[in-house]
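Engineer: The structure that follows is given in the form of structure tokens.
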Amino acid sequence: MHSPVRDYLTEVLDSLADDDGGAVADYIPELAAADPDRCAIALTTVDGRTYSVGDDEVEFSIQSISKPFAYAAALADRGFEAVSATVGVEPSGEAFNELSLEGDTCRPRNPMINAGAIATHGLLVGADATEEARVDRARSFFSTLAGRELRIGEEVYRSEIDSADRNLAIAHMLRNYGIITATPHEIVDGYTRQCSVLVTARDLAMMGACLSNGGIHPTTHERVVDRRVARQVMSVMAGCGMYDGAGEWLTTVGIPAKSGVAGGLLGTLPGQCGIAVFSPRLDEHGNSVRGVAAFRRLSNDMNMHLVDAEPYGTTVLRDVVVAEDTTTFQIQGVIQFSGAEYILDALDSDDTDSPTVVFDVSGVSHFSDVGRRMVLEGMRRVRLDGRRVVLIDPDDALPDPDLGDGTYPDTAV
């Protein structure tokens, strides 16, 4: 069967064709020369399937979309405490290039604005890292996430560094307050190279899917980001990623996102997918006009709003089958907190008094950590009630089912 997902993305792309609002970024000569009619949409699921349409192989500079990934690298390199001492996580409500500092600490308000991103770049690798080491850390980390070797666009870098006066002014102010320790020119030069890494829409969708998958790469299945780091980055994207338009974005689209002035727009939907759109014309906030329209369409059509949640709990218990001296709980789907709570409530309400209770998890695709712990505790308590506990788990959805006291349920097929 031909999947309709790509057909749907094509239909969305076609619906954007006549939207010529906005203008390319003209304060950087290389970006001003971009073809304004380029457009691409890519979506990568947490299972590693990528669907893309349009100019999906056209490279463009990552620009500010580098900020969440550099933030992730800094958290990995220096730890939460050190990063938090340097940059905050509060929305600024201001444009991306404002010098937005906290009054008491003088920290930049968040890592998604330029002041915070410049400070974050200075944290990469270690306190005594060279500019070359910081730049290579960013480029190589982005490459790992994208699943291919990425390169720096030297033409973009040269064009951008020649107009970096405002970023240099921000860096000098940060140095004045002791937020960065390296020289402002060194930090801004490295940060500009970080922003000049070339990517495609397909690359960005894969990079976003790594965050959406809790830090596990969708195709290599290797952990590339700690789960806590992935959560932190997506949380900051949700509150700060769209600058002074972040509040409206969160309420109307509801997908943690980050934009770049080359026309890229990245979204990360936790547990589901990474989404990227590329279209160079920008609105007054510096966000891709067609990109914003595409994300609004996806959010509305596909029910992708982060807080427009479907109920998890009531669908996880497919059936409870009572036969002779056995009661079987047939469990299915993804078992998170609410689903596990529903199962525990069903166990609490079980009045069959069957001597054997079977937990059939053959229909379960995944247990979250809390879901796993709650269900195992339920098994333990059933056993404490003097009943035999049997586990049916042909696909090893619940590996090493220690009930917390060194004992295990009986198994059956």
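Engineer: For region 1-51, what class follows from the C-alpha gyration tensor (a ≥ b ≥ c being the square roots of its eigenvalues): rounded when a/c is under 1.5, otherwise prolate if a/b is larger than b/c, else oblate?
Structural biologist: Oblate, because a/c is 1.5 or more while a/b does not exceed b/c.
Engineer: Step through the residues of region 389-396 one at a time and calculate ³J(HN,Hα) from phi using the Karplus curve (6.51 cos²θ - 1.76 cosθ + 1.60, θ = phi - 60°), rounding each to whole Hz and writing x for Gly and Pro.
Structural biologist: 10, 10, 10, 10, 8, x, 9, 6
Engineer: Work out how much length ASP410 to SER349 would gain on full extension: take 0.36 nm times their residue separation and subtract the Cα-Cα distance, in nm to one decimal.
Structural biologist: The ASP410-SER349 span can extend by a further 19.7 nm.
Engineer: Go through region 34-44 residue by residue and turn each phi into a ³J(HN,Hα) via Karplus (6.51, -1.76, 1.60, θ = phi - 60°); whole Hz please, and just put x for glycine and proline.
Structural biologist: Working through the residues one at a time gives 5, 6, x, 8, 4, 7, 8, 10, 9, 9, 10 Hz.
Engineer: Moving to a separate point now. Under the Kirkwood approximation applied to all pairs of distinct alpha-carbon atoms, what is the hydrodynamic radius of the chain in Å?
Structural biologist: Hydrodynamic radius (Kirkwood, Cα only) of the chain equals 23.0 Å.
Engineer: Okay, next question. How many percent of the accessible area of the chain is carbon or sulfur, using a 1.4 Å probe?
Structural biologist: So the carbon and sulfur contribution to the accessible surface is 47 percent.
Engineer: Quick one: 3J(HN,Hα) in Hz for region 158-166, Karplus 6.51/-1.76/1.60 with θ = phi - 60°, rounded, Gly and Pro as x.
Structural biologist: The phi angles translate into 5, 5, 7, 5, 6, 10, 9, 4, 5 Hz.
Engineer: Given H placed on each backbone N at 1.01 Å, which residues far from GLY363 in sequence or on other chains put an amide H within less than 5 Å of it?
Structural biologist: ILE331
Engineer: For labels at GLU90 and GLU11 in the simple 7 Å Cα→Cβ model, what's the distance in nm?
Structural biologist: Label at GLU90, label at GLU11, 4.5 nm between them.
Engineer: Assigning unit charges at the beta carbon (Lys, Arg +1; Asp, Glu -1) and nothing else, what dipole magnitude in debye, to the nearest 20, does region 4-302 show about its Cα centre?
Structural biologist: Using Cβ point charges on Lys, Arg, Asp and Glu, region 4-302 gives about 1040 debye.
Engineer: Another question about this same structure. What accessible area per residue comes out for region 244-369, rounded to a whole number of Å², with a 1.4 Å probe?
Structural biologist: Computed with neighbouring chains in place, this is 42 Å² per residue.
Engineer: If you don't mind, another one. Solvent-accessible area of HIS366, probe 1.4 Å, all protein chains present, reported in Å² to the nearest ten, please.
Structural biologist: Near enough 90 Å² of accessible area.
Engineer: Under a 5 Å amide H to amide H cut-off, with H placed in plane at 1.01 Å, what residues pair with ALA262 once short-range neighbours are removed?
Structural biologist: Under 5 Å from the amide H of ALA262 lie the amide H atoms of SER64, each far enough along the sequence or on another chain.
Engineer: In nm, to one decimal, how far is the modelled label at GLU81 from the one at ASN303, with both set 7 Å along Cα→Cβ?
Structural biologist: About 4.4 nm, to one decimal.
Engineer: To the nearest 10 degrees, how steep is helix 201-212 against the longest Cα principal axis of the chain, on a 0 to 90 scale?
Structural biologist: So the inclination is approximately 50 degrees.
Engineer: Pop a pseudo-label 7 angstrom from the Cα along the beta-carbon direction at both ARG373 and ARG175 and give the gap in nm to one decimal.
Structural biologist: 4.7 nm
Engineer: Distance between Cα centroids, region 340-413 to region 272-310: provide it in whole Å.
Structural biologist: Their Cα centres are 40 Å away from one another.
Engineer: To the nearest 10 degrees, how steeply does helix 289-301 sit against the main Cα axis of the chain, on a 0 to 90 scale?
Structural biologist: Helix 289-301 sits roughly 10 degrees off the main axis of the chain.
Engineer: Choose one of SER368, LEU384, MET237: the residue whose Cα lies farthest towards the positive end of the charge dipole of the chain (beta-carbon charges +1 Lys, Arg; -1 Asp, Glu; about the Cα centre).
Structural biologist: The Cα lying farthest towards the positive end belongs to MET237.
Engineer: Tell me, in nm to one decimal, what length is gained between ASP395 and ARG383 on full extension, where the rule is 0.36 nm per residue of separation less the Cα-Cα distance?
Structural biologist: 2.0 nm
Engineer: Could you tell me whether region 317-411 comes out rounded, prolate or oblate from its Cα gyration tensor? Rule is a ≥ b ≥ c as square roots of the eigenvalues, rounded for a/c under 1.5, then prolate if a/b exceeds b/c, otherwise oblate.
Structural biologist: In terms of gyration-tensor shape, rounded.
Engineer: Continuing with this model, one more query. Over region 1-61, average the accessible area per residue using a 1.4 Å probe and give it in Å², no decimals.
Structural biologist: Accessible area per residue, region 1-61: 54 Å².
The values are calculated or read from the model by the stated rules, or taken from the named source; none is laboratory data. Being a predicted model, the structure only gives us computed values, none of them experimental. Methodologically, a virtual Cβ is constructed for each residue, glycine included, from the backbone with ideal geometry; neighbour enumeration extends over all protein chains shown. All accessible areas refer to the heavy atoms of the entire protein, side chains included, with ligands and DNA or RNA removed. Shrake-Rupley method; radii C 1.70, N 1.55, O 1.52, S 1.80 Å.
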